Amino acid sequence: MSLINQMLNDLDKRHATSGGKQPLFGDVRSRRRLGSPAFIWVLVALAAGFGAFAWSQLSKPRAPAPAAPMSTSETMTHPAQPPAEIQQVAKPEGAEIPKVAEIKQTETKPVVAMANENTTGNVSKAPAVSAPKKSGPKTKTRNKPTGGTESSFKVVSPQQQSDNLYLQAILFMQQSRDADAQETLKKSLGANPSNQNARQLLAILLADAGRNKEAEELLQDGLDISPGNSDFSIKLARLQVDDGAKEKALATLEKGLPAAGNHDEYHAFLAALLQGQGRHNEAVQHYITALRSNPSNPHWLIGAGISLRAINKTSDAAEAFQRALDTGELSKEVAEFAEQQLKQLRPLR
């Protein structure tokens, strides 16, 4: 049985799945199509406003008890419900409050005089004495801590600050303000260097701007913090290949291999670099690992065919080329290459 068929049979038995494949340099760019983060900020602002309003309502003082005990007759004549001045808590600041002068004047009267007024039938002013004398100033005083409560929503942890800046950077990208996005992402990493999303996005923006060295340093720092981040390893290796440092890229992928698991993109990239170094036996093994997750990937089949032919596995190589052609997904040039390989291999079978 050929290696390719054996691989496919093994796939049916194990029902192998992808080892965490994710799109690479195009993945974060797709964030431009996400729902606008501005909507997220609106929700956050509404939540903050609602919390502040609820706190201000809960923190409103209740009408205090009278400063001095009142006689039994006065207690019986006073209504239990506070006067209208107290109930109008929503009255705009600066509006004239009726009978304020009378309230203040009444406060200076001794308790005995107040009792005498009650006995003579002057009870109509009593409600204006009990509750309003302190509640007005206290209501204004209580409004100040409410403002302080709103400011408490701005006190966030470094991780939350980093996440908020990351979302702000995505908003800048959606507005094609990549320079502002870069600066915001740098601040995000300053608040939390372990923010992998912010680091990855910043590396992509730097690479897009042709600043490969900065992007490489950024990703290398990320691998120092999170050695098992396979996406960082892949992106760093690609930048190194772009700079012509293929051996360095190969070393990067080999170093991160223990954490890669069955990551098909990782193994296919590693196989291609091994193939470029003439290490075809190893390349075949990594191509087979990648194909277990995606058996019909035409480019990986072509790569496997090349290395299989190099180690004289002609039947397996011919089958790999044929399967790649059967997908119908090859470009014209690559399809012609596969057909030429088949013509050369068939007489040898």
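When Leu171 is evaluated against the numbered criteria (1) in contact (Cβ under 8 Å) with a residue 40 or more places away in the chain; (2) closer than 30 Å to Tyr287 by Cα, which criterion, by number, is the only one it fails?
Condition (2) is where Leu171 drops out.
Tell me the residue from Tyr287, Tyr266 that is of a type in the set (Phe, Trp, Tyr), closer than 22 Å to Ile204 by Cβ, in contact with a His (Cβ under 9 Å, 6 or more places away or on another chain) and part of a helix (DSSP H, G or I), please.
The conditions single out Tyr266.
Could you please let me know if Glu282 is among the acidic types (Asp, Glu), within 35 Å of the chain's Cα centre (by Cα) and surrounded by fewer than 24 Cβ atoms within 10 Å (Cβ to Cβ)?
No.
Taking the conditions exactly as written (in contact with a Leu (Cβ under 6 Å, 6 or more places away or on another chain) and either assigned to a helix (DSSP H, G or I) or closer than 17 Å to Asp316 by Cβ (or both)), does Arg292 satisfy them or not?
It is true that Arg292 is in contact with a Leu (Cβ under 6 Å, 6 or more places away or on another chain) and either assigned to a helix (DSSP H, G or I) or closer than 17 Å to Asp316 by Cβ (or both).
Taking the stretch 309-340, which residues are surrounded by fewer than 17 Cβ atoms within 10 Å (Cβ to Cβ), of a type in the set (D, E, K, R) and in a helix (DSSP H, G or I)?
Of everything in the stretch 309-340, those that are surrounded by fewer than 17 Cβ atoms within 10 Å (Cβ to Cβ), of a type in the set (D, E, K, R) and in a helix (DSSP H, G or I) turn out to be Asp326, Lys332, Glu333, Glu336, Glu339.
Pairs, please: C-beta under 9 Å, at least 6 apart or cross-chain, first residue touching a residue at least 60 places away in the same chain (Cβ under 8 Å) and in the stretch 324-340, second surrounded by 14 or more Cβ atoms within 10 Å (Cβ to Cβ)?
Matching pairs, first to second residue: none at all.
When Gln182 is evaluated against the numbered criteria (1) touching a Phe, Trp or Tyr at 6+ places or on another chain (Cβ under 8 Å); (2) crowded, with 16+ Cβ neighbours inside 10 Å, which criterion, by number, is the only one it fails?
(1)
Got a sec? Which of Ala310, Ala290 is more than 43 Å from the chain's Cα centre (by Cα), of a type in the set (A, V, I, L, M) and modelled with pLDDT of 95 or more?
None of the other options fit; the residue is Ala310.
The values are calculated or read from the model by the stated rules, or taken from the named source; none is laboratory data. Note that the structure is predicted; figures quoted are calculated from it, not measured. Reconstructed Cβ throughout: ideal geometry from the backbone, glycine too, with neighbour counts over all protein chains shown.
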